[in-house]
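Chemist: This is the structure I want to talk about, given as structure tokens.
The values are calculated or read from the model by the stated rules, or taken from the named source; none is laboratory data. Not measured: the values here are computed from a predicted model. Here the Cβ positions follow ideal geometry from the backbone for every residue, glycine too, while neighbour counts run over all protein chains shown.
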Amino acid sequence: MSTPTTNEQQRHLLEQALRRLKDARAQLDDARARLAAAEGARHEPIAVVGAALRAPGGVEDLESLWQVLRSGTDTVTAWQDDPEGRRDGTRTTARSAGSLRSVDGFDAGFFGLSGDEADHLDPQQRLVLEAAWEAVEDAGLPAERLRERPTGVFLGLYGSDYLTAQLSGQADITAYTAPGSAHSIAANRLSFLLDLHGPSLAVDTACSSSLVALHLAVRALRTGECDFALVGGVNVLLAESMMTATEKVLPMASGGRCRTFDASADGIVRSEGCGVLLLERLADARAHGRRVRAVVRGSAVNHNGRSNGLTAPSPTAQADLLRRALADARTDACDVLYVEAHGTGTRLGDPIEAEAIGEVYGTGDQPCAVGSVKTNFGHQEAAAGIIGLLKTMLVLEHGQVPPTLHLERLNPEIGLDGTRITVPTTLSALPVADRRLAAVSSFGFGGTNAHVILEAPTAPEPAEEPVHDGIRRPRLLLPLSARGGPALGALAEVYAERLAGLDTRTVAQVCAAAATGRSHHSYRLAVAADSPDALVRELAAVRPEFLRPHPTRQRVAFVFSGQGSQWVGMGRDLLDEPVVREEAERCDALVRELAGWSVIEELRRPGPGSRLRETEIAQVCIAVLQLGLAALWRSWGVEPYAVTGHSMGEIVAACVAGTLDREQALALLVTRAGITEKGARGGAMAQIALTADEVAAIIARTGGRVSVAAVNGPCSTVVAGDPNRVSLVEAAAERQGARTQRLPVEYAFHSPLLDGYDAELAAGLDRLTPCEGGLPQYSTVTGDHVRSRDLGPVHWARNLREPVLFSSAVAALARDGATVFLEIGPHPVLLRDIGATLDHLAPLDPSDVRRVAVGSLRRDRSARSALDIALGELYRAGLDLCWDKVFPRADRRVPLPFYPWQRRRHWLGLRPVDPGGTAAPTRAPERPAQGTPALSGADLEETVAQYVRGRLAEALDLGGPTEVPEDSTLGALGLGSLAIVELKNRIERDFAVAVPLQALLEDGTPRALARTVARRLAPQNGPVPAYSAGGGPAAEGDGS
């Protein structure tokens, strides 16, 4: 044995020490990285990616806000506590205020609220719902995306004037009163309706509420508590008593004008408003290509502490607040170029705020402007901070500072000499700087203060071509949707106006943004065109009265056509689609091995040299094109629930279903096509407009080498065989008055000419082994559903020789739930037969489900144009498409019109208590139920269904019973649990039957509910309440 030398021991110890040092260094580096990441997250910039607002003067978007600001408009008018008074100009008070228009109007149906619930809903909640939806739209986000990631709601609210007015007017207290007025529910309702799962809270720090809410949202985003945050504030003035109470505690401007920083300023002017922002971490917003309107660099919140009084401002606290926000933003005060002051226009508050601004922001090389949006709108209290922030965002965006109004002589208590602070009274330019920074203040009258540092976003990266994918032509396909026909008609009109006169590229960008950046509702239209002018004409021609909702839970059947759909040039431009090209290249390699020729070369071959008239070439090329189309449709989100195929198309269907792999399917096709070319050539085929039995009877009389080759529809039968015999059958059919048409082929598929060849085909398929599982397949050999294990050699031999029972297969698919039949092939040759089969089934189908048939490619159109038309038809039918794949590089920063709200008046009609102590009634009492004569069976169910749809139309605030989809669940229609319980109670009262609540809550549809009620009514055989528009059962009288 040997012993280590001293040198070896020392070297070993040294190596161990070095390893430990390396490990320690790595741990130290890791700790430093984690600390740096944590510090970075603590100050992470937050992007404003969406914004919406309501402000006095008819301001309902950022453009109109900027017009009011830059033009120096004062929107304050005489205050009205009644919204109807605001419309007719009636003056009931000497007070002035900034008032919103039509706060009594609300699109309750859009949010799934019943009329009663909407009546009791505080207008502040209504405004928040609308503005939040618009903020999401402004971000170019479908609302559904928010539920996929934690999204918080942070709302600033202060007053409860609507509740105060209800109580003072002795209105009826219902189950809707408390949730309709509670501040917490304002945030929670938004989270509920949008299915958001992040923090959801209301903030009340009086006038600083909305900016404090933003501060909390920024912290939640930085800590990862949420990925998106909806932040806002709202204020509505409706109660005379609250006006009086506010006047007792705060000074009011004697002249009805807010004179921020002016020597004559003597008080505030109250105002209404609502603003909502959608926030996201800046890194995430950039990664997803969103438009960034502004960047929140930092924020701070503090309290005055024990100052001169509970409602008195503190210069020390304000200066400390500003410094804290700058520290959070990690920026210097001298970099800030604009400060949006709280600026209420009071003798005490203005000088104190100016002192704090001068102390913190007064030093620097470039001027720093100060202004206050309250000179335009008045003091919007809980919404003041968010409206001030929106103004500041526009100042940064436009590089201009709007004038501060009513400033004639600076308050002598405000000393700006020796500072860089200015108060512009005309539209002024921001100084040029590498970074545009601004700040916003908001102070609560109880002492809670908030300050936010904003930065203008850096110039965004230029958008990629948003409308080109594989096929190098702009996609002019515009999908639009709404939750009602009138709204959809209005939306089409707005888009027609917006797109008129725009160039192709811009219109294509709008189409892409509308498809990928909007939610898709049940009322739909889609316009596909070859030019912008044609698109605008189609939009202008939309008739809203003809628009109907479509169910969104559709079941798609892929229908693969057979030979006869091919044409020279088919699929040539389609091969430029990456998904199709990839599938074609895989198939091409296999066909080269199997048959020694190239599918891609044949598809690209020009007309004179094309071999697509040869069966052994045509069938394989059709199949490869169909496999590419199926892959493309699936990439766009069109997933089949089942498949079928006409003749050779059944092999492609088996491949798409997963029963045959690609190699098996192509080998079968090559073999079958060769046999067909050999056996069926020299024959003829004809289509006869008679039933299969009628044609079979003619053939029996005629005799010879002819047979039924396909039963495509109830009165669409194809015969094939010897040309002379086919002519005899045609002549006999024509003598019976039937239309006939000779098919342009020189083959007799599925005819006696192929007798014996079916056995040859089966013998060559001894190694074919179908796979179990996969999609359901409906065979045109059997005319019904077929199991995967039955698709062996014998089945494919029958597929070659036996009649194609296409109509039976379509009927079986419809019976089993297929609602959309998508024909996949070079040209739609089966749509008419599918439609005829479905029409034939309709009278026998009690479900009354609407079914549609759609084609893919067309002979007379480019692939892009034909597919756009098909996409539009599928969209209108209710399919939810993967628009991000249809428009793979859409630029969601393109501005689009907002949803056109269909507002109706929702107001409790409150009146003051009369001297006798009773309040005037708020609504007319309902008439007692009046029945129709006893009914039974289908008549009874239809009468009940009409009643149910009428009640739902009222609950959803729709135009009438016809606008209610019968097969959508009550939840999908937007009916909340309270409204469902109300509907249950109403039905039980009117019909005197018990309705199980579970029947309404669990997948209940209007049709199913009507059926349940009708079944329970039938044994009673009593009178049935009839629905009449205007509420309540039908009134008594003769109807004259």
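Chemist: Before we move on, is GLN366 of a type in the set (S, T, N, Q), modelled with pLDDT of 95 or more and more than 38 Å from the chain's Cα centre (by Cα)?
Modeler: Working: of a type in the set (S, T, N, Q): yes; modelled with pLDDT of 95 or more: yes; more than 38 Å from the chain's Cα centre (by Cα): yes.
In short, yes.
Chemist: Here's something else I'd like to know. Scan the range 61-82 and report the pairs whose first residue is outside the structural domain of SER241 (by TED's automatic domain parsing) and whose second residue is assigned to a helix (DSSP H, G or I), with Cβ atoms within less than 8 Å and a gap of 6+ or a chain change.
Modeler: Here the result reads none, with nothing in the range 61-82 linked to a residue that is assigned to a helix (DSSP H, G or I).
Chemist: In the range 1-53, which residue that is under 23 Å from GLY298 (Cα atoms) and of a type in the set (Lys, Arg) is modelled with the highest pLDDT?
Modeler: Step one: of the range 1-53, the residues under 23 Å from GLY298 (Cα atoms) are 33-53.
Cutting the leftovers down to of a type in the set (Lys, Arg) gives us 34, 42.
Working: ARG34: 75, ARG42: 82.
That would be ARG42.
Chemist: Where residues in the range 996-1014 are modelled with pLDDT of 80 or more and either touching a helix residue (DSSP H, G or I) at 6+ places or on another chain (Cβ under 6 Å) or of a type in the set (Lys, Arg) (or both), which of them is surrounded by the fewest Cβ atoms within 10 Å (Cβ to Cβ)? Spell out the reasoning first.
Modeler: The initial filter retains those residues of the range 996-1014 that are modelled with pLDDT of 80 or more, namely 1005-1014.
With either touching a helix residue (DSSP H, G or I) at 6+ places or on another chain (Cβ under 6 Å) or of a type in the set (Lys, Arg) (or both) added as a condition, the list becomes 1006-1007, 1009-1014.
Details: PRO1006: 23, ARG1007: 18, LEU1009: 24, ALA1010: 22, ARG1011: 16, THR1012: 20, VAL1013: 25, ALA1014: 24.
Result: ARG1011.
Yes or no, residue by residue, for (1) in the same structural domain as ASN799 (by TED's automatic domain parsing); (2) crowded, with 19+ Cβ neighbours inside 10 Å; (3) farther than 15 Å from VAL804 by Cβ; (4) without any contact (Cβ under 8 Å) to a residue 24 or more places away in the chain:
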position: GLU694; (1), (2), (3), (4): no, no, yes, no
position: GLY704; (1), (2), (3), (4): no, no, yes, no
position: ALA709; (1), (2), (3), (4): no, yes, no, no
position: ARG725; (1), (2), (3), (4): no, yes, yes, yes
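Chemist: It is to be established whether one or more residues within the range 520-536 are of a type in the set (Ser, Thr, Tyr), over 30 Å from VAL643 (Cα atoms) and touching a residue at least 12 places away in the same chain (Cβ under 8 Å).
Modeler: Applying the first criterion (of a type in the set (Ser, Thr, Tyr)) to the range 520-536 yields 522-523, 531.
Next cut, over 30 Å from VAL643 (Cα atoms) only: 531.
When the remaining residues are screened for being touching a residue at least 12 places away in the same chain (Cβ under 8 Å), the result is 531.
Yes, that holds for at least one residue.
Chemist: Output the number of the condition that PRO606 fails; it satisfies all remaining conditions of (1) under 39 Å from the mean Cα position of the chain (by Cα); (2) over 18 Å from MET648 (Cβ atoms).
Modeler: (1)
Chemist: Hey, GLN400 hits all of (1) buried (at least 21 other Cβ atoms within 10 Å of the Cβ); (2) under 18 Å from VAL59 (Cβ atoms); (3) not hydrophobic (A, V, I, L, M, F, W, C) but one; which does it fall short on?
Modeler: Every listed condition holds for GLN400 apart from (1).
Chemist: Also: Which of the residues spanning the range 589-648 are among the small types (Gly, Ala, Ser) and more than 15 Å from ALA665 (Cβ to Cβ)? Even if it seems obvious, please write down each step before you answer.
Modeler: Just the residues of the range 589-648 that are among the small types (Gly, Ala, Ser), to begin with: 589, 595-596, 598, 607, 609-610, 618, 623, 628, 630-631, 635, 637, 642, 645, 647.
Across the range 589-648, the qualifying residues are GLY596, SER598, GLY607, GLY609, SER610, ALA618, SER635, GLY637, ALA642.
Chemist: Checking the conditions here, which among VAL708, VAL638 is modelled with pLDDT of 95 or more, over 17 Å from VAL559 (Cα atoms) and among the aliphatic types (A, V, I, L, M)? Working first, answer last.
Modeler: On the way: VAL638 fails: over 17 Å from VAL559 (Cα atoms).
Just one listed residue meets the conditions, VAL708.
Chemist: If I ask for residues that are assigned to a helix (DSSP H, G or I) and touching a His at 6+ places or on another chain (Cβ under 8 Å), which ones from the range 127-165 would you list?
Modeler: ARG147
Chemist: In the range 759-795, how many residues are among the acidic types (Asp, Glu), surrounded by 15 or more Cβ atoms within 10 Å (Cβ to Cβ) and closer than 23 Å to VAL643 by Cβ?
Modeler: Of the residues in the range 759-795, the ones among the acidic types (Asp, Glu) are 760, 766, 772, 784, 790.
If we keep only those that are surrounded by 15 or more Cβ atoms within 10 Å (Cβ to Cβ) as well, we get 760, 784.
If we keep only those that are closer than 23 Å to VAL643 by Cβ as well, we get 784.
Total satisfying the criteria: 1.
Chemist: Here are some residues: VAL423, VAL395, VAL432. Which one is within 39 Å of the chain's Cα centre (by Cα) and either farther than 22 Å from CYS334 by Cα or of a type in the set (A, V, I, L, M) (or both)? Don't jump to the end; show me each part of the working.
Modeler: Numbers: VAL423 fails: within 39 Å of the chain's Cα centre (by Cα); VAL432 fails: within 39 Å of the chain's Cα centre (by Cα).
That would be VAL395, the only listed residue that is within 39 Å of the chain's Cα centre (by Cα) and either farther than 22 Å from CYS334 by Cα or of a type in the set (A, V, I, L, M) (or both).
Chemist: Residue check, ALA665 against (1) small (Gly, Ala, Ser); (2) in the same structural domain as GLU823 (by TED's automatic domain parsing); (3) under 26 Å from ASP755 (Cα atoms); (4) surrounded by 24 or more Cβ atoms within 10 Å (Cβ to Cβ), all met but one. Which one?
Modeler: The failed condition is (4).
Chemist: From the list ALA541, ALA508, which residue is at pLDDT 90 or above, buried (at least 21 other Cβ atoms within 10 Å of the Cβ) and out of contact with any His (no Cβ under 7 Å at 6 or more places or on another chain)?
Modeler: ALA508
Chemist: Moving on to the next point. Which of the residues belonging to the range 173-208 are more than 22 Å from HIS906 (Cα to Cα), assigned to a helix (DSSP H, G or I) and either among the small types (Gly, Ala, Ser) or not assigned by TED's automatic domain parsing to the domain that holds ASP161 (or both)?
Modeler: Hits for the range 173-208 are SER191, ALA206, SER208.
Chemist: Hey, GLN554 hits all of (1) more than 29 Å from the chain's Cα centre (by Cα); (2) in a loop (DSSP other than H, G, I, E, B) but one; which does it fall short on?
Modeler: (1)
Chemist: Would you check which residues across the range 295-332 are touching a helix residue (DSSP H, G or I) at 6+ places or on another chain (Cβ under 7 Å) and crowded, with 21+ Cβ neighbours inside 10 Å and list them?
Modeler: VAL295, VAL296, ARG297, GLY298, SER299, VAL301, ASN304, PRO313, GLN318, LEU322, LEU326
Chemist: Of all strands (runs of 3 or more DSSP E) completely enclosed by the range 288-388, which ones contain at least 3 residues that are touching a Cys at 6+ places or on another chain (Cβ under 7 Å) and either touching a residue at least 60 places away in the same chain (Cβ under 8 Å) or closer than 20 Å to PRO431 by Cβ (or both)? It would help to see each step written out before you state the result.
Modeler: Numbers: elements: 294-303, 336-340, 368-371.
In the range 288-388, the matching strands (runs of 3 or more DSSP E) lie at 336-340.
Chemist: All but one of (1) over 25 Å from GLU340 (Cβ atoms); (2) within 30 Å of the chain's Cα centre (by Cα); (3) free of Cβ contacts under 8 Å to residues at least 60 places away in the same chain hold for LYS248, so report the exception by its number.
Modeler: That leaves (2) as the condition not met.
Chemist: Taking the range 210-256 only, how many residues are among the β-branched types (Val, Ile, Thr) and at pLDDT below 95?
Modeler: First, pick out the residues of the range 210-256 that are among the β-branched types (Val, Ile, Thr): 212, 218, 223, 231, 234, 236, 244, 246, 249.
Narrowing the set further to residues that are at pLDDT below 95 leaves 244, 246, 249.
Going through the range 210-256 one residue at a time, the tally reaches 3.
Chemist: Let me ask something additional. Within the bounds of the range 844-851, is there any residue that is part of a loop (DSSP other than H, G, I, E, B) and either modelled with pLDDT of 95 or more or surrounded by 22 or more Cβ atoms within 10 Å (Cβ to Cβ) (or both)? Please lay out each step first, then the result.
Modeler: Kept after step one, since they are part of a loop (DSSP other than H, G, I, E, B), are these residues of the range 844-851: 845-851.
Then drop every residue that is not either modelled with pLDDT of 95 or more or surrounded by 22 or more Cβ atoms within 10 Å (Cβ to Cβ) (or both), which leaves 851.
Yes, because at least one residue in the range 844-851 is part of a loop (DSSP other than H, G, I, E, B) and either modelled with pLDDT of 95 or more or surrounded by 22 or more Cβ atoms within 10 Å (Cβ to Cβ) (or both).
Chemist: Do you know which residues across the range 336-373 are touching a helix residue (DSSP H, G or I) at 6+ places or on another chain (Cβ under 9 Å), surrounded by 21 or more Cβ atoms within 10 Å (Cβ to Cβ) and acidic (Asp, Glu)?
Modeler: Those that are touching a helix residue (DSSP H, G or I) at 6+ places or on another chain (Cβ under 9 Å), surrounded by 21 or more Cβ atoms within 10 Å (Cβ to Cβ) and acidic (Asp, Glu): GLU340, GLU353.
Chemist: Kindly list, by first and then second residue, each pair from a residue in the range 560-581 that is at positive phi and assigned to a loop (DSSP other than H, G, I, E, B) to a residue that is β-branched (Val, Ile, Thr) and buried (at least 16 other Cβ atoms within 10 Å of the Cβ), limited to pairs with Cβ atoms under 8 Å and residues at least 6 apart or on different chains.
Modeler: Going by the 8 Å Cβ cut-off, the qualifying pairs are GLY564/VAL745; GLY564/VAL829; GLY571/VAL580.
Chemist: Same structure, new question: Can you name every residue in the range 260-291 that is surrounded by fewer than 24 Cβ atoms within 10 Å (Cβ to Cβ), of a type in the set (Asp, Glu) and modelled with pLDDT of 95 or more?
Modeler: Once the filter is applied, which keeps residues that are surrounded by fewer than 24 Cβ atoms within 10 Å (Cβ to Cβ), of a type in the set (Asp, Glu) and modelled with pLDDT of 95 or more, the range 260-291 yields ASP262, ASP284.
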